[in-house]
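Visitor: Mind having a look at this structure? Questions to follow.
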Amino acid sequence: HASCLVPVQHSSCCSGVDAFAVTDKTMALLRILLKPSIVGEFSLPAIRALASDLSQLAHLGQEAYSRSSGHASTSSASCSDILQGRGICSSASTRKAHRWGQKEEKDKKAQWQALVSQTPDGRINPCNSKLHPAVLEGVVAVNDADELCVQEAYTPQSRCFGCGPAHPDGLRLQSKRIENGLEAVVQIPAKYCAFPGIVNGGILGTLLDCHGNWTSAITLMDRACLPKPPLTLTAQMVVTYKEPTPPDTDLLVRSRVVSIKETAQPGMGKATVEVETSIYLRPPEGGAPKLLVQGTGTFKRLGALRAL
């Protein structure tokens, strides 16, 4: 629905609107509207809640656009109206979506509280991250120590070349939580250059693979309220090289969860996570990052624990 894009296009005048969150929700709903056959990937309550959120955001965006441009606000069908026309959303869906969302939040909080009580030391956030769902739910708090990367927190003995803390000569990727993904800063030594001043493409692909794999594992752990990430393996990777990547330079590796397919019971079965991962030239303070490499990977859950 075109009006959903207004908060993104005019985010500077929409006080309190997270443009990136709006983009993610809009794209998820557009996938459903443009290709109804994939509706099965989403639970019905999730679709209803999505439509409700976007209807409110679209209305706010239209008002903000009218104020900033001087145009009169025009009325248009809401996202929930469109879903109702497709037979997905009932007329009472919008009201029910809010009640469903509140119930889900309470259930999640209760699950995290139960996990804390069942954990001997109550330590379910070894990264000490402010973005761990148990912290966001107010179940546990972060301490004064520095935040750890997920690799050091969960698999300190791993000898993976790309991300293993225990590998004597690896890339030592250190991924930390961000909203809907992970982020890391890494330098690649010149010995991994394919040509003078240009890093080998396979090395860059390794970074995307490891970072995307960890993103999928952390995502599934959070959704199922687990104490440790499950074992996820790469099923597919598509990589596009935009610009040559220099060695011995700070690179920013950032991921974003695109979609999740899992069984009716989160944490069980072979869930699949699609992740978009990018490598940027880290900008100076206040500058914009330059995209160097971009990849999309599909990762499948194949085990209960990532490492013993």
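Visitor: Which one of these does Pro229 not meet: (1) open to solvent by 20 Å² or more (accessible area, probe 1.4 Å); (2) closer than 30 Å to Ser117 by Cα?
Guide: With (1) open to solvent by 20 Å² or more (accessible area, probe 1.4 Å); (2) closer than 30 Å to Ser117 by Cα applied to Pro229, the lone miss is (1).
Visitor: Kindly provide the set of residues from the range 232-262 that are of a type in the set (Ser, Thr, Tyr), assigned to a strand (DSSP E or B) and open to solvent by less than 80 Å² (accessible area, probe 1.4 Å), ordered by number.
Guide: Thr232, Thr234, Thr240, Ser255, Ser259
Conditions (1) over 23 Å from Leu292 (Cβ atoms); (2) touching a residue at least 40 places away in the same chain (Cβ under 8 Å); (3) of a type in the set (Gly, Ala, Ser); (4) in contact with a Ser or Thr (Cβ under 8 Å, 6 or more places away or on another chain), marked per residue:
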{"residue": "Arg123", "(1), (2), (3), (4)": "yes, no, no, no"}
{"residue": "Leu136", "(1), (2), (3), (4)": "yes, no, no, no"}
{"residue": "Gly170", "(1), (2), (3), (4)": "no, no, yes, no"}
{"residue": "Arg177", "(1), (2), (3), (4)": "no, yes, no, yes"}
{"residue": "Gly181", "(1), (2), (3), (4)": "no, yes, yes, yes"}
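Visitor: Going through the range 279-305 one residue at a time, which ones are open to solvent by less than 50 Å² (accessible area, probe 1.4 Å) and outside any strand (DSSP E or B)?
Guide: Within the range 279-305, Pro283, Gly287 qualify.
Visitor: Could you please find all residues in the range 238-266 being more than 14 Å from Glu183 (Cα to Cα) and under 17 Å from the mean Cα position of the chain (by Cα)?
Guide: Val258, Ser259, Ile260, Lys261, Glu262, Pro266
Visitor: Then there's this: For the range 149-178, give me the residue count where each residue is open to solvent by 60 Å² or more (accessible area, probe 1.4 Å), assigned to a loop (DSSP other than H, G, I, E, B) and within 23 Å of Val116 (Cβ to Cβ).
Guide: 1
Visitor: Evaluate the range 186-206: report whether one residue or more is touching a residue at least 12 places away in the same chain (Cβ under 8 Å), open to solvent by less than 10 Å² (accessible area, probe 1.4 Å), within 24 Å of Lys270 (Cα to Cα) and in contact with a Leu (Cβ under 8 Å, 6 or more places away or on another chain).
Guide: No; the residues of the range 186-206 include none that is touching a residue at least 12 places away in the same chain (Cβ under 8 Å), open to solvent by less than 10 Å² (accessible area, probe 1.4 Å), within 24 Å of Lys270 (Cα to Cα) and in contact with a Leu (Cβ under 8 Å, 6 or more places away or on another chain).
The values are calculated or read from the model by the stated rules, or taken from the named source; none is laboratory data. This is a predicted model, so every value here is computed, not measured. When we count neighbours, we look across all protein chains shown, and the Cβ atoms used for this are built from the backbone with ideal geometry, even at glycine. Accessible surface is based on the protein model in full, side chains and every heavy atom, while ligands, DNA and RNA are left aside. Shrake-Rupley method; radii C 1.70, N 1.55, O 1.52, S 1.80 Å.
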